[in-house]
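The values are calculated or read from the model by the stated rules, or taken from the named source; none is laboratory data. Here the structure is a predicted model, which is why all the values come from computation and not from measurement. As a convention, Cβ positions derive from the backbone with ideal geometry for all residues, glycine included, and neighbour counts pool all protein chains shown.
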């Protein structure tokens, strides 16, 4: 293990508001951050472009993009030709991507093994979270247990820690924390159907939660809308 | 849920001897099998071609390939420019792909959710297994627990079962079982560095284990060597 291995971290970055805040938090805690974006066949590229800009602006030391073609297996309004709803319904929405966080954490785990890092950061949130099952604390704990069994590091007695600094925060608290840490939210894209320039629709559930977060925080909303 | 959902299965297929035997086993147990191959930037395409042929020959109802570019994160002799060893060393070998089975099961899980299947098959083996941590029974159990927490199905009270019919078998027993079930092993490619026509090197650890399996089973080895 290299001397500074305990301070390296892999930070999952989507280009949205939450993961940008997570990166700022990880950097503020002194981690040397390697950001990882997963290109799973999203509807628009603006999100991936945003991830790259956010990584650089917030001081990550490297940024990687792993391509996973989830369109081959289908099943979500975010990767298929299913219409993104403007009014939230009951239960788990059609924007749920099957096993997405399991997949993203698997990739982050593999990358952490390669880098000899033990710390992973992910911007899941169990408050304003749209009802996705893989955003809950119990899921994160189960993944930590799995990671210990799945890896060379685990066999050798090491442990991975999955940091979820946003898990108990309301959207307004996330926005406040990120603003304190100097995140420029104009760089981020949260909209499920942003246009090529990264401008938000202002109508989908993700836009609605984000806009309300700025209102509740009493902060100006720098989001660029179409 | 569709009436026959309890009999659909997702079978991970690599194109090698083990997963071909798993597919034959799943079919023999009456599952309607959807095979899934993961193209993670392997050294050769012969393995993926073999997976497609094996899927068709053994009666799967569909075959999908998901592309995941693991070369972006590196770390294995199977995806990087690290030389594949001919003599096995102590411990976990350089052919270990970081978090590979975690990733493959994540993809199979996502696909199972899309198909409304509850059964996953994977050809892991804890006997002649080269020392990879993510081939052990404890890893599989941990993934089942994770799957229950990670998914819409789990939230609604459902469970996924991960079938590992080879986990306790020696290579010779796998070969014998597959032969009983009619698997044509000439279609399969196990070699870590097969050529474009799928011919095996005969020298890497995977070749060595496979060849010994046929010898111990007292069965002719149909493998095409270079």
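Before moving on, here are some points about what is shown:
- Only one of the numbered conditions (1) in contact with a helix residue (DSSP H, G or I) (Cβ under 7 Å, 6 or more places away or on another chain); (2) more than 14 Å from chain B (Cβ to nearest Cβ); (3) closer than 30 Å to residue B:105 by Cβ is violated by residue A:143, and that is (2).
- The numbered conditions (1) away from chain A (no Cβ under 14 Å); (2) modelled with pLDDT under 95; (3) touching a helix residue (DSSP H, G or I) at 6+ places or on another chain (Cβ under 7 Å); (4) assigned to a loop (DSSP other than H, G, I, E, B) are all true for residue B:183 except (2).
- Residues located in segment B:123-161, provided they are in contact with a strand residue (DSSP E or B) (Cβ under 9 Å, 6 or more places away or on another chain), in contact (Cβ under 8 Å) with a residue 24 or more places away in the chain and more than 28 Å from residue B:208 (Cα to Cα): B:143, B:147, B:160, B:161
- Filtered by the rule that a residue be at negative phi, assigned to a loop (DSSP other than H, G, I, E, B) and surrounded by fewer than 22 Cβ atoms within 10 Å (Cβ to Cβ), segment A:193-214 gives A:193, A:195, A:196, A:197, A:199, A:201, A:203.
- Of all residues in segment B:60-70, those being more than 9 Å from every other protein chain (Cβ to nearest Cβ) and either surrounded by 16 or more Cβ atoms within 10 Å (Cβ to Cβ) or closer than 17 Å to residue A:103 by Cα (or both) number 2.
- Among the residues making up segment B:40-55, those that are closer than 16 Å to residue B:107 by Cβ, surrounded by fewer than 24 Cβ atoms within 10 Å (Cβ to Cβ) and out of contact with any helix residue (DSSP H, G or I) (no Cβ under 6 Å at 6 or more places or on another chain) are B:42, B:48.
- Filter pass, residue A:30 being outside any helix (DSSP H, G or I) and in contact (Cβ under 8 Å) with a residue 60 or more places away in the chain: no
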